[in-house]
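For reference, the structure discussed in these notes is given below.
Any read-out appearing in this document is the output of simple, stated calculations on the displayed coordinates, not a laboratory observation. What you are looking at is a predicted structure, and each value in this text was computed from that prediction instead of being measured. Positions of Cβ are backbone-derived with ideal geometry, glycine not excepted, and every protein chain shown enters the neighbour counts.
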2 protein chains.
Amino acid sequence: MKDYLENCGGSPGRAAHGKALVASRLVYGVRDLLSTLFNASSPDRVIFTKNATEAINLVLFGFLNPGDHVVVSSMEHNAVMRPLRELEKRGISLSIAQCDLHGFLDPLAVKAALTPRTRLILLTHASNVTGTLLPIADVAAMTRESGIRFAVDAAQTAGVCPIDVQSVGVDFLTFTGHKSLGGPQGTGGLVLGPDVDLRPLVFGGTGSASESEFQPEFLPDKLESGTLNAVGVAGLGAAVSSLLNFGVENVAQHERKLMHAFRNGLLELPHVIPYGSENPENAVGVLSLNVGDLPCEEVGLQLERDYDILTRTGLHCAPAAHHTLGTFGRGTVRFSVSRFTTEADISAALDALAKIARR
Amino acid sequence: MKDYLENCGGSPGRAAHGKALVASRLVYGVRDLLSTLFNASSPDRVIFTKNATEAINLVLFGFLNPGDHVVVSSMEHNAVMRPLRELEKRGISLSIAQCDLHGFLDPLAVKAALTPRTRLILLTHASNVTGTLLPIADVAAMTRESGIRFAVDAAQTAGVCPIDVQSVGVDFLTFTGHKSLGGPQGTGGLVLGPDVDLRPLVFGGTGSASESEFQPEFLPDKLESGTLNAVGVAGLGAAVSSLLNFGVENVAQHERKLMHAFRNGLLELPHVIPYGSENPENAVGVLSLNVGDLPCEEVGLQLERDYDILTRTGLHCAPAAHHTLGTFGRGTVRFSVSRFTTEADISAALDALAKIARR
């Protein structure tokens, strides 16, 4: 980002001079990296948005028509539920496939929810509250022949779970730049399958087809109006490049190892109530818990004040998930790990929780 | 931006720990600076978007209903025209008030275009092709009693023209961060008047009202879903803070002085055809020209290759403006100045143009 700001500053596609061309190449290079990461059918089908939420809205508002029916899980984030509650007012109907108390989804629950009008299934790849992985490959396989399109919210998994959109059969993959991809806030996007199309959410200048007052039909321009966040994309590119060198599977292994240690340590602690999958093999490195009857905010406060451990407390913008887990009334304390978290960090978290629980 | 990335990294509104609170305060501080800059009725009515284009789309899609009529000028950018061409398909009608060959707009042309169904007038404050200022105060005064709402696209003027939304009577002011405000790409926004409301363009998590699957009704959260570009907002805040210290009127004076020198110098150059207002008092620091019969791309290429001067050539995502100027067929070479441009830069540009014209 520093390099882009100090040495470039050009706006991709907005002029023919050298700095604009450098910016255009930079952005194309990041499309290409993301296309490699997710095995997209073409870099042009990687669309940049300001965050995962915009990408999800682009899918929902750009694909669904009045009369269509959608199936989601009961672990979805409000980035999914709030646009869908709005779309219900506009003639789209919704079914919610119930997950169990750990956040697991039986693919048959999705199948049971299908109707002749179902046009889209949208699942979070992993819960942002518990990290529990949803069976996206099984659901994709089940619906492959049906003509129903499949969208996956990979906000929690992009960069930590290998995702091959073509072999799994994901028509719309949405991601954020600022979680496990390691990029800055203000970045995110969408990978479009080879045979799907969307209406734009935002219309405007694209630096292309400037003679026309109508939105161009080609990708990525059709879905990327206005000045791009080139500095953010530069940061995302540096992060994804580093990630690809390190290897997504290596990140996954590292995080699973840490989560095994964390889960096992929690079993020793009386009064600590962990949620989600008991087996870290079925989750990403996110874990929610409560301590006895303490309000989650109080636990979060003590963790920060006394142990310099930062967590997110409350409902995590995911009321549906907390209803599923039975924690809607009180919320949870959410821990998360990354490629840069160490075993010493896990021990410190366990020690801190032991002391808080003992009080 | 460096300070935010190295020392904070928190997500505004997304947790209760210290770094999230620092990020929340940072973002609120930038809302407050922008509110001061534009004299908004409240910092909560400053909405952040990823660029000016998203802000304009938010106004048009969030305010207009089928049956409504809109008036714009013939100098609008495709950030305005492309969403409006889409809205025409959805039952909104459009009239275009014709500007003259220099890009000037007679407020009476707007008045003549009004119908009983007119609900919104949207004008660019200054053309991105010629810099010509449009008479926003006169149009606002003319329509103040009518109940028609007034939107201003300040992409070219925010940071270089003093704008007081309350005293002028602007209901929706849209701006970008990366032009005269001096901030990074990926930032922009909207100032909402005290008695107007919009439907969201993007629905989702806001870090607030997390118990509800419905979008909150309060501002700014209602219109800002998903993770904010906090690092971009940090950069925008540093820029606006510096700008407020320097003084917007001082920027304007500096740019006008440079443009007088540029315009006067161009008068001496045979074959150089400048467009837009002959008097820089009626424009911001943007100037389009052509050289004889040379393609604009050729002039731009020579300016960069031989003189290290970067311009934008072509149609500038504004076909309507080029139709108005009579340059739609060939485009123009666009120069622009900033607070950091010097008189020596202007002399260098004039020398370069003289040599290109002489060839």
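Data for the structure
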quantity	calculated
Centroid-to-centroid separation of the stretch A:313-357 and the stretch B:116-143 [C-alpha atoms, Å]	52
Residue-averaged beta-carbon neighbours from other chains (10 angstrom radius) around B:183-190	6
Other-chain or far-sequence residues with amide H under 5 Å of A:T132's (modelled H)	A:S127, A:S277, A:V284
Nearest-to-axis residue of chain A, judged by beta-carbon position, where the axis maps A onto B, in Å	A:K50, 2
³J(HN,Hα), Karplus 6.51/-1.76/1.60, whole Hz, each residue of the stretch B:316-330, x for Gly, Pro	6, 6, 9, x, 4, 5, 5, 4, 4, 7, x, 10, 4, x, 10
Value of relative contact order over chain B, rounded to a whole percent, pairs C-alpha under 8 Å and six or more apart	20
For B:V272, residues with placed amide H under 5 Å, excluding near neighbours	B:G292
Qualifying trypsin sites (Lys or Arg not before Pro) in the stretch B:140-182, DSSP loop, other Cβ atoms within 10 Å at most 13	B:R144
Selected from B:H178, B:V337, A:S95, residue furthest toward positive end of dipole (the protein assembly as shown; charges at beta carbon)	A:S95
Using a Förster distance of 56 Å, the FRET efficiency for A:S93-B:N245 (Cβ separation, nearest 0.05)	0.55
Rounded tilt (10° steps) of A:18-38 against the dominant C-alpha axis of chain A	50
Projected label distance in nm at A:K355 and B:D306, using a 7 Å step from Cα toward the beta-carbon	7.3
Calculated label separations, B:P162, copies of the chain, 7 Å along the beta-carbon direction, nm	6.4
7 Å along Cα→Cβ, label-point gaps from B:R330 to other copies, nm, shortest first	7.6
Charge dipole of the stretch B:248-358 about the Cα centre (unit charges at C-beta), most positive-ward option of B:G292, B:L325, B:L310	B:L325
Other protein chain Cβ atoms within 10 Å, averaged over every residue that makes up B:4-17	4
Cβ-derived FRET efficiency at R0 41 Å, A:T115 paired with A:L267, nearest 0.05	0.45
J(HN,Hα) series, the stretch A:67-83, from Karplus relation 6.51 cos²θ - 1.76 cosθ + 1.60, nearest Hz, glycine and proline x	x, 6, 10, 10, 10, 10, 8, 8, 10, 6, 6, 5, 4, 9, 5, 5, x
B:Q166/B:S208 FRET efficiency (R0 45 Å; Cβ-Cβ; nearest 0.05)	0.95
Placed amide H near B:R149: partners under 5 Å, 5+ positions off or other chain	B:L120, B:I121
Overall form of chain B per C-alpha gyration tensor (a/c, 1.5; a/b vs b/c)	oblate
Cα-centre dipole for the protein assembly as shown with unit charges at Cβ (Lys and Arg positive, Asp and Glu negative), debye to 20	220
Karplus (6.51, -1.76, 1.60) ³J(HN,Hα), θ = phi - 60°, over the stretch A:236-241, in Hz, Gly and Pro reported as x	4, x, 4, 5, 5, 4
Pairwise Lys count, the stretch B:2-246 - Cα closer than 30 Å, eight or more residues apart or different chains	13
Label geometry 7 Å along the beta-carbon vector: A:E6 inter-copy distances in nm	1.1
